[in-house]
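Report on the structure given below.
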Amino acid sequence: MEIPVSAVKELRERTGAGMMDCKRALIETNGDLEKAIEYLREKGLSSAAKKAGRIAAEGIVDSYIHMGGRIGVLMEVNCETDFAAKGDQFKELVKDLTMQVAAARPEYVRREEVPADVVEKEKAIYTAQAVNEGKPQAIAEKITVGRLEKFYKEVCLMEQPFIKDTDKTVEQVVKEAISKIGENISVRRFVRYERGEGLQKRSDDFASEVMSEMNKC
C-alpha cells in the first residue's frame, strides 16, 4: 500500500515516533491515522505515550480575559521542567487552551472527573428520551451510550474539538506539544467566569468572538 508522505509526517508530529516506524504503522493499519497511533502506542514507539507517566510538577498558571472583561479563565498546565514552562511553544499551548475554555465552555478537564451522579442523571435522561421516541429498550440503551459519548465531547476539555483546528481534539493537540517539546504535559485544572453568569441575559456567540481574537495573535 502506498502511504502519502504527508500522512507519515502528520503521524510523526502527533506521536514523535520515527519516520520508518510511522510508515510501518500506517501500512499495518491500511492508512488509518487513529489506528496507527494506537499501533505505535501498543508497540511502545510513541514518545508522547512514553512521557505520559513522567512527573509534571512545573508549569504555569495562565489567564485569559475576553474583550471588555466579559469572560475570564484561569488555568494551570504542568510540564516537567521550569525551562520548558518558560518556552514559547509551551506558553502558546497554554494560551490556546485558555481561549478554548473561554469559547467552548467545558466543565471538566477529562471524563474521569465527571461525578458519577452527573453521569447517571444524563444516562437516565437519554434513555427516557429514546423510550419516548418509541425505541425498544435494547436500542434505547445503545442510543444512550452514543449520546453519553457526545456529552463527554461537549463538557470535557480534552475531548472537545480544538477551536483552531476542529479536525483535532484538544487531547491530540496536547500530545503533539508533548512530542515537540519533549516533556510530559498535563492540563491540571481551570476555572471559567462569565460576567452575569446565572442571570437572565441575551445569548452571545462567544466562540466566534474568541476565535476572532485568536486570529489576531
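Miscellaneous remarks
- Rg/Rh for the chain, where both radii come from Cα atoms and Rh is the Kirkwood radius: 1.02
- Legend: distances between Cα atoms for K135/K175; K35/K86; K86/K164; K35/K121; pairs beyond 30 Å are K135/K175; K35/K86; K35/K121.
- Between segment 140-205 and segment 51-117, the alpha-carbon centres lie 11 Å apart.
- Across the chain, the mean sequence separation of Cα contacts (distance under 8 Å, 6 or more residues apart), normalised by length, yields a relative contact order of 25 percent.
- Potential extension, D165-R188 segment - 0.36 nm per residue separation minus Cα distance: 6.1 nm
- Size descriptor, Kirkwood hydrodynamic radius, that averages inverse alpha-carbon separations across segment 115-154, Å: 10.0 Å
- Gyration tensor verdict on segment 120-203 (Cα atoms; rounded if a/c is under 1.5, prolate if a/b is larger than b/c, oblate otherwise): oblate
- Sorting V8, V145, V131, V170 from the fewest to the most surrounding beta carbons within 10 angstrom yields V145, V131, V8, V170.
- Low-density loop positions, GluC sites (Glu not before Pro), segment 1-108 - DSSP coil, at most 10 other Cβ in 10 Å: E2
- Computed over the alpha-carbon pairs of segment 41-144, the distance histogram in 10 Å steps reads 12, 25, 26, 21, 13, 2 percent, short to long.
- Neighbour-count order for Y126, Y39, Y152, Y193, fewest beta carbons within 10 angstrom listed first: Y193, Y152, Y126, Y39
Just so you know, all these numbers are worked out from the coordinates, no wet-lab data involved. Predicted model only: the values in this text are computed from it and were never measured. Neighbour counts run over all protein chains shown; Cβ positions are idealised from the backbone, glycine included.
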